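Please read the structure below before turning to the comments.
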Amino acid sequence: MNTPSEKPQAPSQNDTAQRSRPRLLAMEKFDGKDCLLHPQFEGLLCVKIDIDGDTISGEKERVWYAFNQLSESAAQRIYPWISYAQKVDSFTLEGLLELLKIAVSDPKRSSKALAKLNRRKQGTQPLNDFLNIFNRWILEAEGWRWRDRLKKGYLKAALSTKLLTALVGIREEDMDEAYCSQLRQVNDQPVEIRT
């Protein structure tokens, strides 16, 4: 009877490099068509690589992982850089992110948002819808650092005459968020029926 002298054994944990499992869900691919989505994509990508970095081992793997998060059309625009960067030893995640910023983001986004803040008015748009759009413009104009009275000034200049009239005689809140809550409260009050 032939019996093997040694039984095959599974490799020990020390023999194989163990990668932990990703903790965050897979990302949606970025197509680069809507430049407003670029900051969100870049932020999510950086968080994914930061949190799940131990599953994406080295710089080269991180670049390829990031490139793989691009859809076909965006990848076609970026691939020439990939080919070039590998040859000249500048194949870094930072380099890829910088190139993406140039290729798909709007360099005038901040100034465009500021122009919208200066020009656009609420008109007949519902207050909550307008406040959501207005707050997005503030963020796009990098206004999160602005003082509340500046943001409030932009908002007051954009409000409908009807709402501004309803505010007459009411002490205005100083803080931006409190002022927005006050606007909502005044806006939601039932209109008195005059006979």
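When LEU164, LEU99, LEU150 are screened for being assigned by TED's automatic domain parsing to the domain that holds SER71 and not in a loop (DSSP other than H, G, I, E, B), only LEU99 passes. Would you check if there is a residue in the stretch 109-116 being out of contact with any Leu (no Cβ under 9 Å at 6 or more places or on another chain), surrounded by 15 or more Cβ atoms within 10 Å (Cβ to Cβ) and at pLDDT 90 or above? Checked against the condition, which is being out of contact with any Leu (no Cβ under 9 Å at 6 or more places or on another chain), surrounded by 15 or more Cβ atoms within 10 Å (Cβ to Cβ) and at pLDDT 90 or above, the stretch 109-116 yields at least one hit. Taking residues in the stretch 109-133 that are within 24 Å of CYS35 (Cα to Cα), and partners anywhere that are polar (S, T, N, Q), the pairs with Cβ atoms closer than 7 Å and at least 6 places apart or on different chains are PHE130/GLN122. Looking across ARG147, ARG136, one residue alone is surrounded by fewer than 13 Cβ atoms within 10 Å (Cβ to Cβ) and within 27 Å of the chain's Cα centre (by Cα). It is ARG147.
Within the stretch 167-179, track down each residue that is outside any helix (DSSP H, G or I) and surrounded by 13 or more Cβ atoms within 10 Å (Cβ to Cβ).
Step one: list which residues in the stretch 167-179 are outside any helix (DSSP H, G or I), which gives 167-175.
If the condition is that a residue be outside any helix (DSSP H, G or I) and surrounded by 13 or more Cβ atoms within 10 Å (Cβ to Cβ), then LEU167, GLU173, MET175 are the ones that fit.
Checking ALA115, ALA157 one by one, the residue that is more than 30 Å from PHE67 (Cα to Cα) and more than 25 Å from the chain's Cα centre (by Cα) is ALA157 and no other.
Residues that are at pLDDT below 85 and outside any helix (DSSP H, G or I) within the stretch 35-84 comprise ASP52, ILE56, SER57, listed in sequence order.
The values are calculated or read from the model by the stated rules, or taken from the named source; none is laboratory data. Values in this document were obtained by computation on a predicted structure and should not be read as measured data. Cβ atoms come from the backbone with ideal geometry, glycine included; neighbour counts cover every protein chain shown.
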